[in-house]
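The values are calculated or read from the model by the stated rules, or taken from the named source; none is laboratory data. None of these values were measured; they are calculated from a predicted model. Note: ideal-geometry Cβ built from the backbone for every residue, glycine included; neighbour counts use all protein chains shown. Ligands, DNA and RNA are excluded from the accessible area calculation, which covers all protein heavy atoms including side chains. Shrake-Rupley method; radii C 1.70, N 1.55, O 1.52, S 1.80 Å.
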Amino acid sequence: MLGLGFGLLTIILEALGFYSSDSHAFNKLLEEQSKISIIFSAVILAPVIEELIFRGPMTLFNKKYFKLGFYTLTIIFGYVHIFNFKITPEIILLSPLLIAPQLAVGSVFGYVRVRLGLVYSMLLHACYNGILVIPAVLTIG
């Protein structure tokens, strides 16, 4: 539901001329990579690598610093995704809104990692990306 809300908000911002989704990295991928390569990268490779980097270390924090570590890693995870956009002053200004979906799902992935384990956060991340990427690649590409 959050994703739909943020999606609608970004559509409105684009309609008002604040930014253009044409400069999003996904569009460039569609032009340069094969469909299977995009799906493999988004559904297998990215979830494994991102979860190892951003959720893997979460259980290394002791109780005193756990919340700080959890939220810091979640925010970094979100902001890494700002590089999916061509960086302009408008994108920097809108970055909290543009990465809000990644912040939300990053929190969920972190919760799953802590409660169920790293493999489950990887699987959830892969499912999430698959639900977003596979239909887009098959219909747009």
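The trypsin sites (Lys or Arg not before Pro) of segment 1-105 that meet both conditions, a loop assignment by DSSP and at most 16 other Cβ atoms within 10 Å of the site Cβ, are K86.
Charged side chains reduced to their Cβ positions (Lys and Arg at +1, Asp and Glu at -1) give segment 10-79 a dipole of some 540 debye around its Cα centre. Listed by chain and number, the lysines whose C-alpha is less than 26 Å from the C-alpha of K35, apart from same-chain residues fewer than 8 away, are K86. Remark: the chain carries a charge dipole of roughly 700 debye about the Cα centre, counting +1 on each Lys and Arg Cβ and -1 on each Asp and Glu Cβ. Surface composition of segment 1-72: carbon and sulfur make up 70 percent of the accessible area, probe 1.4 Å. Summing Lys and Arg as +1 and Asp and Glu as -1 over all other residues whose Cβ lies under 14 Å from the Cβ of M58 gives a net charge of +3. Per residue, the solvent-accessible area of the chain (1.4 Å probe, heavy atoms of protein chains only, all protein chains present) comes to 63 Å². Of the residues V137, V114, V119, the one with the largest accessible area comes first in the ranking V119, V114, V137, computed with a 1.4 Å probe on protein heavy atoms.
Pairwise alpha-carbon distances in segment 30-141 exceed 20 Å for 46% of all pairs. Net charge in the neighbourhood of G110 (other residues with Cβ under 13 Å of its Cβ; Lys, Arg +1, Asp, Glu -1) is +2. Treating each Cα of segment 24-73 as one equal point scatterer and applying the Debye formula with no solvent, the log10 of I(q)/I(0) at q = 0.18, 0.29 Å⁻¹ comes out as -0.66, -1.00. Picking from A42, L52, L97, whose Cα lies most toward the positive end of the charge dipole for the chain (charges on Cβ: Lys, Arg +1; Asp, Glu -1)? So the residue furthest toward the plus end is L52.
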